[in-house]
1. Each residue of region 43-53 in order: what ³J(HN,Hα) in whole Hz does its phi give by Karplus 6.51 cos²θ - 1.76 cosθ + 1.60, θ = phi - 60°, with x for Gly and Pro?
2. Within a Cβ distance under 14 Å of Thr71, other residues only, what is the Lys/Arg minus Asp/Glu net charge?
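Just so it is clear, none of the values below were taken in a lab; they were calculated from the coordinates. Keep in mind that this is a model prediction, so the values were computed, not measured. Virtual Cβ from ideal backbone geometry, glycine too; neighbours counted across all protein chains shown.
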Amino acid sequence: MSRRDPKRSLSVPLRLVDDGQLEWSATVTASELAERDSPDTLRIADVEVPLDSDVRVKLVLELISGELSVTGQLTATWKGPCARCWLPLDGEVRTTVREVFTAEPREGEQYRLDPEHADLVPMVREAVLLELPIEAIPCPHADPCPNLPSVLTQFHDDSAHEDSALGDSAELADPRWAALEALRGHPDESS
């Protein structure tokens, strides 16, 4: 049996799964995934899923020995700052879920299954949050980033010029090590 409705909730009546498998597709707003106590729950550091954006869910549900097996794909969009120029970027979370719902779940391993329905919200929220980038988001622009302030672009251009003048294998010297380098001497000098 297949149920497809672009604006369906994430509460699945178990009577629809009674005859085996059920394909369940839904599109919900991210605000429907937020916890009631904290509306900012779809955020990790500076990266968030905007509460007005859509989260697409495409799942296969199967009742097996009183438990509900849920597998499928989730897709959501995120927004966050560029690691270099701090301008806003956006991206997409695509993740696969494979979870079990049961009447007596083991904490951290399974989700609660009510006698009448399966509430997929906690599973979808956790899966989306786990896929958000938690480190600095790399800049998608070519070097140098066109959004960098001119002072930083100048620094980037100068260091690139020094790299090419010194050769590809040369490293830029850190000025804090200059005194040590002076004591060590150069390899071609005799001691």
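1. 9, 10, 6, 9, 9, 9, 9, x, 5, 9, 8
2. Working: positive: Lys58, Arg98; negative: Glu23, Glu62, Glu67, Glu99.
Cβ neighbours under 14 Å give a net charge of -2.
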